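The values are calculated or read from the model by the stated rules, or taken from the named source; none is laboratory data. Since the model is a prediction, treat every value here as computed from it, not as a measurement. Cβ: placed from backbone, ideal geometry, glycine included. Neighbour counts: every protein chain shown. Surface areas here come from the heavy atoms of the whole protein model, side chains and all, with no ligands, DNA or RNA. Shrake-Rupley method; radii C 1.70, N 1.55, O 1.52, S 1.80 Å.
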Protein chains: 2
Amino acid sequence: MIRKLSTTDKDFEARFSTLVARDASVDPEITRRAEAIVQDVARRGDEAVLEYTNRFDRLNLKDMSEAIVSREEMKAAFDSLPPDQKNAIETAARRIRVFHEHQLEKGWTITDEAGDVLGQRIRAVDSVGLYVPGGKAAYPSSVLMNAMPAHVAGVPRIEMVFPTPGGERSQLVLAAAYLAGVSRAFTIGGAQAIAALAYGTKTLEAVDKIVGPGNAYVAAAKRYVFGRVGIDMIAGPSEILVICDGKTPADWIAMDLFSQAEHDELAQAILLTPDAAFAEEVSRSIDRLLPTMPRKAIIEKSLANRGAIIVTRDLEEACRVADTISPEHLEISTENPEKWVDHLRHAGAIFLGRWSVEALGDYCAGPNHVLPTSRTARFSSPLGVYDFLKRTSIIRVSEQGAQVLAPIADVLARGEHLIAHATSACYRLKK
Amino acid sequence: MIRKLSTTDKDFEARFSTLVARDASVDPEITRRAEAIVQDVARRGDEAVLEYTNRFDRLNLKDMSEAIVSREEMKAAFDSLPPDQKNAIETAARRIRVFHEHQLEKGWTITDEAGDVLGQRIRAVDSVGLYVPGGKAAYPSSVLMNAMPAHVAGVPRIEMVFPTPGGERSQLVLAAAYLAGVSRAFTIGGAQAIAALAYGTKTLEAVDKIVGPGNAYVAAAKRYVFGRVGIDMIAGPSEILVICDGKTPADWIAMDLFSQAEHDELAQAILLTPDAAFAEEVSRSIDRLLPTMPRKAIIEKSLANRGAIIVTRDLEEACRVADTISPEHLEISTENPEKWVDHLRHAGAIFLGRWSVEALGDYCAGPNHVLPTSRTARFSSPLGVYDFLKRTSIIRVSEQGAQVLAPIADVLARGEHLIAHATSACYRLKK
C-alpha cells in the first residue's frame, strides 16, 4: 500500500521528485472570503465578531462578554481533570517550561576604545494572540507548545482564541491554557478571531503578534494581517522521516510512520533504510497493524498519497536524501545515532536512538513541537522564546567617539550623495 | 513648512493619527507583473533573466556568464578606491563585524534526571541571496549591513544581485561586497533577480534566504517567493523620531531630521520636545538650512507630508508618544539620556545623547542599520546574525527516559484521540 523506492532504481529521481513535490497553492476564493471578514471586523468590531461567531459556530451570543473565559475558569477546568490527565499535563508543562527557559537571552553592551557604548536590548513583546483550532483539532498540547514560549519570554498579555462549535469547550484545552500562562481566552475562531486580535475591538485589545495553527481561512487571515502584527510561520502538512539501520523492531517503525500519517491525509511519512529485507518487514507491519488503528482511513490515504519506504545504498546516502527533504521531524533509529547528526544539516527536530520517538517530543520531552515544515528547516527554526523577544540596538556615542566616527560617516555619506547625513554627522565635530 | 502640534491641542489626537497613519496598500498591477516575471524565470531560467535584464537595464548580455562579478573583481574595485574611501569603508566594515560577532549564538544541551539529552543545535543557513538596488539607490553601506551578519553567521555562500542600468557599476558597492564576504555577484535586478535566487537557474544556484531592500517590484517578488525561501522583512519608508530637552543646538536637530527626510518623500521625521521656544527655534533652523541642501525638494516634501514638531507637556509624555509611534530610529538628545531608555519599549535603534546621531549608526557605529519600520519594532528586531542562523531541536530519550515519558504521552495522545501516537510511545515501554 505504501510506495517502495530504491535509490538504485533507474527512475528514482523522477519518482522521488513527485513524492516530495508540494502543492502550495492557495484557494483564491478562501482568501477573498477571509479578507472580507477581516475588513468587516476591522470596521465593525465586536458586532461583526459576534455575528460571524454565532453563524459559523452555531452559537447565540448576545455580547462579547459571554465569549470571555477567565483564568478562574481555566483553573476550574484544570482542577476538574481526572488525576492521570492532571498529572500528565502538569508534567508536560513543567518539562516544556524548563526546556524553554534555556532559550532566554540577555541583552549586552560593549564599549569601544573611544568610550562609545554599543549594545542590544532584549525585551518581551507586549502582547500575543494565540489561535487554537476548535472541534476535533482542539489539541491541548498545541496550547502548551504555543503559549509556553511566550509565557517564558515574559509576555505580559497572552490572549487565546478558540472556536467552540456548538458550544463545546475542551476542558483539557482550558487546563493547558491555565498551565501555560494564558491571560484570558475568547470562544471565537476563524478569520474573525484573527481580525479581532490584529485590529482590536472594544472588548479585545489588539495584540502585537499572533501565533498558532488554523484552517485555510485562519491562514489567509494571518497572511492578510501580517505586517500590522507579527505572525508565526504558516505551517504546511506535518512530516516524519525515519532513518533506520534495520535493527529497530519493524512494528515500532510502522507505528512511528502511522503517528504522523494519522494527523492528516496530506501528512508525509517516509522511511529510509539500507536494509531491503527490513523495508519489506516494515511494509508487512504496516499492512498488519493498519486495520487496528481507529484512524485507519486517514493513515491509509496519507501513506498511499505521500508515504514511502526508500531503500538506500547505505546510511550515508540516507542522510543525503534526508537533507534534500529537510523534514520537520527526523528519527535516527540506529546504533550510535550521534554519529549521523553532523551529516544532517536541515531538520526541525532530530530524535536520536530507538527510544526517541516523535510522539514523546510531540507531548512532553520538552522541546517545542511547532517545527518548520515543507523544507523550511533550511532557513527556519522551531517556535521558541526568541519568537516572543524583540531586540533594540543601543548606540551611545561619546563626544570623543563622534570625532572618530563623524569623518568616516562623512566620507561614506558623500559617496552615497546623502549630504544631510554627512552634515548632521559633521555638526558633532569640534571646531 | 513642517507641521507643528502640541499634545495640549484640542484636536491633537486626530491630527496625530493622521500624521502616523500609513498607506500600506500594494498596487495590484505591480504585484501581477512581478509575479508573471517570477513565474517566467522559474520556467525558463537564465534565458528569461537575460531578456528582462537586457530590456529593463538597457544591456546587451548574450550569456549569464557576462553578468557574473567574481571576488577578484570585487577586490580590484576595493583596491581602486581613493584612500579616504578605502579607509572609511574598511573601518565601517570592521566595526560592523565586531558588533555582530557578539550576536553569535552557541547551541546547548541539558540532561534530565532520567539521562535524556535535550538541546538546540544552531547552524548557519547554507546560502543567502542579497538584493542591492541599482542606480542612485546603490548604497555600499546597505551592502555592508545586509551581508556582514550573514558572513559573521558563517553562511558559506552569499550571492549578491545588483542591477546596473546602462552598465554602470558602483565601485563602492563592489568594494563593500568584497569586505562583507559576498561570494559572487550578478549584474541583474528586479523581480527577475529575486526569481533567479529563489528558483535557481543553470548559472545561479537557488539560495535558502533572500535579504535586502528593493523597489515595489522586488518587494512583490519577495512576497511571492516567501515560503519557498526565507525573506527578511519588507521595509516601509524610513523614520526618525528625536526627543530633545531643548538644549541641543537647534541646527543639529534640524539636520538630523533632514538626514531622514532626504531619503524619500515618504520618509518620516518627527521632533518631540517639551520646550516650545526650542520647537520654534528648530523650525527656523529648518527654514534657514533647507535651501542649502542638495536634496531640498525631497526634504521639503517629506517634512511637509509626514514631518512634525510636537510640543509635549514633559519628557515623560514625549516618551509615551514615542512608544505609540515605535519608530525605526529614536534619538534621545537630552541630558542623562539613559534615564529615558526604560520608558521606551519600542524602537529599532535608540541613539543616546547629543553626539549619538543617526548618521553615525547608518554607516559605522557598528549596529545594523536595517531596522524595523512602520511600528513593527513592537514585535521585530534589527537585522542580525540571528536572521542567518537556524535551530534544530535535539531529542535523545534514553531507554529509562522512555519509561517515564511514554505513559505521559500516552495519556495526552489519548486525550487528543491520536491512538497511533499513544501506541508508538507505549511500544517503547518494557513489558
Checklist (1) surrounded by fewer than 24 Cβ atoms within 10 Å (Cβ to Cβ); (2) over 25 Å from A:PRO382 (Cα atoms); (3) modelled with pLDDT of 95 or more applied to A:SER183, failing item = (2)
Screening B:ALA318, B:ALA304, B:ALA269 for residues that are open to solvent by 10 Å² or more (accessible area, probe 1.4 Å) and closer than 15 Å to B:LEU5 by Cβ leaves only B:ALA304
Within the range B:160-171, is even one residue closer than 30 Å to A:LEU104 by Cβ and assigned to a strand (DSSP E or B)?
-> no
Name every residue in the range A:67-85 that is more than 21 Å from A:ALA153 (Cβ to Cβ), away from every other protein chain (no Cβ under 11 Å) and surrounded by 13 or more Cβ atoms within 10 Å (Cβ to Cβ), in order of residue number.
-> A:ALA67, A:ILE68, A:VAL69, A:GLU73, A:LYS75, A:ALA76, A:ALA77, A:PHE78
Residue satisfying condition, being aliphatic (A, V, I, L, M), away from every other protein chain (no Cβ under 14 Å) and within 17 Å of A:VAL357 (Cβ to Cβ), within set A:ILE253, A:ILE270 = A:ILE270
Residue ID - farthest from B:ASP126 (Cα to Cα), chosen from residues in the range B:186-223 that are of a type in the set (Phe, Trp, Tyr) and open to solvent by 10 Å² or more (accessible area, probe 1.4 Å) | B:TYR217
Scan of the range B:320-366 for residues that are more than 22 Å from A:VAL125 (Cα to Cα), in contact (Cβ under 8 Å) with a residue 40 or more places away in the chain, in contact with a Lys or Arg (Cβ under 8 Å, 6 or more places away or on another chain) and aliphatic (A, V, I, L, M), ordered by number | B:VAL357, B:ALA365
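Here is a yes/no grid of residues against (1) among the aliphatic types (A, V, I, L, M); (2) open to solvent by 60 Å² or more (accessible area, probe 1.4 Å); (3) not assigned by TED's automatic domain parsing to the domain that holds B:GLY200:
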{"site": "B:ARG22", "(1), (2), (3)": "no, yes, yes"}
{"site": "B:ALA34", "(1), (2), (3)": "yes, no, no"}
{"site": "B:ASP46", "(1), (2), (3)": "no, no, no"}
{"site": "B:ASN87", "(1), (2), (3)": "no, yes, no"}
{"site": "B:THR91", "(1), (2), (3)": "no, no, no"}
Assess whether B:PRO140 counts as being without any contact (Cβ under 8 Å) to a residue 60 or more places away in the chain, within 26 Å of B:GLY384 (Cβ to Cβ) and within 11 Å of another protein chain (Cβ to nearest Cβ).
-> yes
Might you let me know whether the range A:182-190 holds any residue that is assigned by TED's automatic domain parsing to the domain that holds A:ASN87, part of a loop (DSSP other than H, G, I, E, B), touching a residue at least 24 places away in the same chain (Cβ under 8 Å) and in contact with a Leu (Cβ under 8 Å, 6 or more places away or on another chain)?
-> yes
For B:VAL397, are the conditions met, namely being at pLDDT 95 or above, at the interface with chain A (Cβ under 7 Å from one of its Cβ atoms), buried (at least 24 other Cβ atoms within 10 Å of the Cβ) and closer than 25 Å to B:PRO237 by Cβ?
-> no
Can you tell me which residues in the range A:111-126 are in contact with a helix residue (DSSP H, G or I) (Cβ under 7 Å, 6 or more places away or on another chain) and assigned to a strand (DSSP E or B)?
-> A:LEU118, A:ALA124
Would you check if there is a residue in the range A:18-29 being in a strand (DSSP E or B) and over 30 Å from B:GLU113 (Cα atoms)?
-> no
Of those in the range A:356-376 that are more than 7 Å from chain B (Cβ to nearest Cβ) and hydrophobic (A, V, I, L, M, F, W, C), the residue least open to solvent (accessible area, probe 1.4 Å) is A:LEU371
Is there a residue in the range B:194-208 that is at pLDDT below 95 and not aliphatic (A, V, I, L, M)?
-> no
Consider only pairs whose beta carbons are under 8 Å apart and that are at least six residues apart or on different chains; among these, list those whose first residue lies in the range B:106-117 and is closer than 17 Å to A:GLU105 by Cβ and whose second residue is basic (Lys, Arg).
-> B:GLY107/B:ARG121; B:GLY107/B:ARG391
A careful count of residues in the range A:321-355 that are among the aliphatic types (A, V, I, L, M), surrounded by fewer than 23 Cβ atoms within 10 Å (Cβ to Cβ) and within 9 Å of another protein chain (Cβ to nearest Cβ) gives 3
Those residues that are open to solvent by 20 Å² or more (accessible area, probe 1.4 Å) and not in a helix (DSSP H, G or I), I need them from the range B:400-431; list them, please.
-> B:HIS417, B:TYR427, B:LEU429, B:LYS430, B:LYS431
Mind checking which residues of the range A:377-390 are hydrophobic (A, V, I, L, M, F, W, C), part of a helix (DSSP H, G or I) and more than 8 Å from chain B (Cβ to nearest Cβ)?
-> A:VAL385, A:PHE388
With the condition kept exactly as written, say whether any residue in the range B:386-393 is under 14 Å from A:GLY361 (Cα atoms) and surrounded by 24 or more Cβ atoms within 10 Å (Cβ to Cβ).
-> yes
In the set B:VAL98, B:VAL152, which member is in contact with an Asp or Glu (Cβ under 9 Å, 6 or more places away or on another chain), modelled with pLDDT of 95 or more and either in a loop (DSSP other than H, G, I, E, B) or exposed (fewer than 15 other Cβ atoms within 10 Å of the Cβ) (or both)?
-> B:VAL98
Within the range B:101-126, restricting attention to residues that are over 17 Å from B:VAL385 (Cα atoms) and open to solvent by 40 Å² or more (accessible area, probe 1.4 Å), which residue is nearest to the other protein chains (Cβ to nearest Cβ)?
-> B:TRP108
Checking A:GLY129 against (1) surrounded by fewer than 23 Cβ atoms within 10 Å (Cβ to Cβ); (2) touching a Lys or Arg at 6+ places or on another chain (Cβ under 9 Å); (3) in a strand (DSSP E or B), which single condition isn't satisfied?
-> (1)
